Structures are given as structure tokens and as C-alpha cells.
Amino acid sequence: MTFNRPSEMNSITPQMMEDIDLIGEDFKNDNDLLVLILTGTGDKAFSAGADLKLTITKFKAQADQGARFMNDPTRRFFAGINKPIISAINGFCLAGGTEIIQGTDIRIAAPHAKFGLPEVHWGIIPGGGSHVRLPRQIPYCHAMDILLTGRMITAEEAVQFGLINKVVPADQVMAECEKYAEIICSNGPLAVQAAKEAALLTYNMGWGEAFSTEAVIAERIFKTEDAAEGPKAFAEKREPRYQGK
């Protein structure tokens, strides 16, 4: 998936927000698609977030009328998708851009990438899940630094904070993401999706409930044909031929 408005720093329009949801659902439901990579056109921006000229007026009008500005307030970017999603961050990743990558699993950035949630500077707050996801994904003090100051952080800071996985040369960002995707695609697809499902489902559970949930998911996977193929391939010293069954 490529955010393709380079003249506007790949900022996101209301239509693009709907398209992101539709593409996410297509990815989720298509058994032939195993990994999704997100990026932005050009080398200046992944996405600078929502196009304020087009979105804020709409959101404020909805709020004034008591209407929800999201169709489903219980979900945010890529929620409920158990397939791996990788972010190839090739420049500015601000506001909604930073919110989008929080819905992804592996995040690779160019050295010149910048991150941040500047909404508070403009008298609003990020409504794409950052108050919930960010303090759960990185240490609380770093999350509050980003949320309360609205400042931009560098790619190196983002690595130190734990917001992204690594920084690679700008011309290698997509290749590095594709390398991750190839490794993931070589694994059992049902096992990969179950691993993400278990991690997300158990995140806020108590130990007992979490372990029980993990056991249920593990038992489901052990009953699959892929679970028989993996050990068989290992014993026969060959690469497994997974069928996703």
C-alpha cells in the first residue's frame, strides 16, 4: 500500500482513510496475501498525517453535532488484522503517519525520517489510537514525551524509544522490508497469524487468562496440516511446503 500524494507530503484525505480500511479488509480476507508493506511515494514523506484542510472541518462539524467522527470507535488503523504488516518509512511520519505505524508490526526507517504527534500544538489531539497504543508499545515516559510536547523526534530517537525496529540507508528501506516479508512468508502462514493473534489478544490479560488463551490458539494450530508438515520437513531435511491448512 502506497500513500500517493507526494506534493502534499502524502497527507491523508477522508477518502484515503476509507480506502485504508477497505484495503486492510481485502488483505485480511485474501488467503493469497500474507504480508502487507506500507510506504509513501517519494523520499520526503511516509505520511504527514491527515490533510487538515480537508479533515478538521469535517471532524469538528461532526463533533458539534454529537456525531462520531469514526464509523466504528472501537477500532483504529488495521485493528483486527492478524497478518503481519510492515512499515517502510521513507521520510516524515507525523500525526496520522505516526498513528498508522502503531497499527503495524515491523517498522523500518530511513535516517532522515522524523516522527511525532504535533496535534496538541494545534489545539487538538491525535484520535487515531495513540493514547491507547503508544503507552502500550513503548515506555510510558517516552510515550508522554511524544504526546505532550508535540515535538518531532529523529529516526535514531525512534529506535531508542522502541517506536521503530531499525534505521537503514534510505535506498535500502524497501529492500529491508521485503527481506523481512520474505522471511515471514517462508514460515507457516497459519502459525504466523496465530502468533500475532495470541500476542494481541493476551496483551492486557492477567497471566492465567493469557496463558489459557495462548493454549487454545496453540491447540488450534497443532491440529492443522501445516503443523504436521513442518516437523516432517525438518526430519526429512527439506524446506516445508505449507498449504495454509
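A quick yes/no check of all residues on (1) among the charged types (D, E, K, R); (2) in a helix (DSSP H, G or I):
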residue	(1), (2)
Val159	no, yes
Ile164	no, no
Glu182	yes, yes
Ala199	no, yes
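Can you find even one residue in the range 138-150 that is assigned to a loop (DSSP other than H, G, I, E, B), on the phi < 0 side of the Ramachandran plot and either at pLDDT below 95 or in contact with a strand residue (DSSP E or B) (Cβ under 8 Å, 6 or more places away or on another chain) (or both)? No - not one qualifying residue is present in the range 138-150. Working only within the range 182-212, note down all residues that are among the hydrophobic types (A, V, I, L, M, F, W, C) and within 30 Å of Glu239 (Cα to Cα). Result: Ile183, Ile184, Cys185, Leu190, Ala191, Val192, Ala194, Ala195, Ala198, Ala199, Leu200.
I need the full set of residues from the range 152-176 which are closer than 17 Å to Gly96 by Cβ and either surrounded by fewer than 19 Cβ atoms within 10 Å (Cβ to Cβ) or modelled with pLDDT under 95 (or both), in order please. So that I can check it myself, show each step before the final result.
We begin by selecting, within the range 152-176, every residue closer than 17 Å to Gly96 by Cβ; these are 152-153, 158, 163-164.
Answer for the range 152-176, where residues must be closer than 17 Å to Gly96 by Cβ and either surrounded by fewer than 19 Cβ atoms within 10 Å (Cβ to Cβ) or modelled with pLDDT under 95 (or both): just Met152.
Step by step: first the residues of the range 201-240, then only those that are of a type in the set (Val, Ile, Thr) and either within 25 Å of the chain's Cα centre (by Cα) or not in a loop (DSSP other than H, G, I, E, B) (or both), then the one that is nearest to Leu134 (Cα to Cα). Which residue is that? Ranking the candidates gives Thr202 first.
The values are calculated or read from the model by the stated rules, or taken from the named source; none is laboratory data. Here the structure is a predicted model, which is why all the values come from computation and not from measurement. Glycine also receives a Cβ, built like all others from the backbone with ideal geometry; neighbour counts cover every protein chain displayed.
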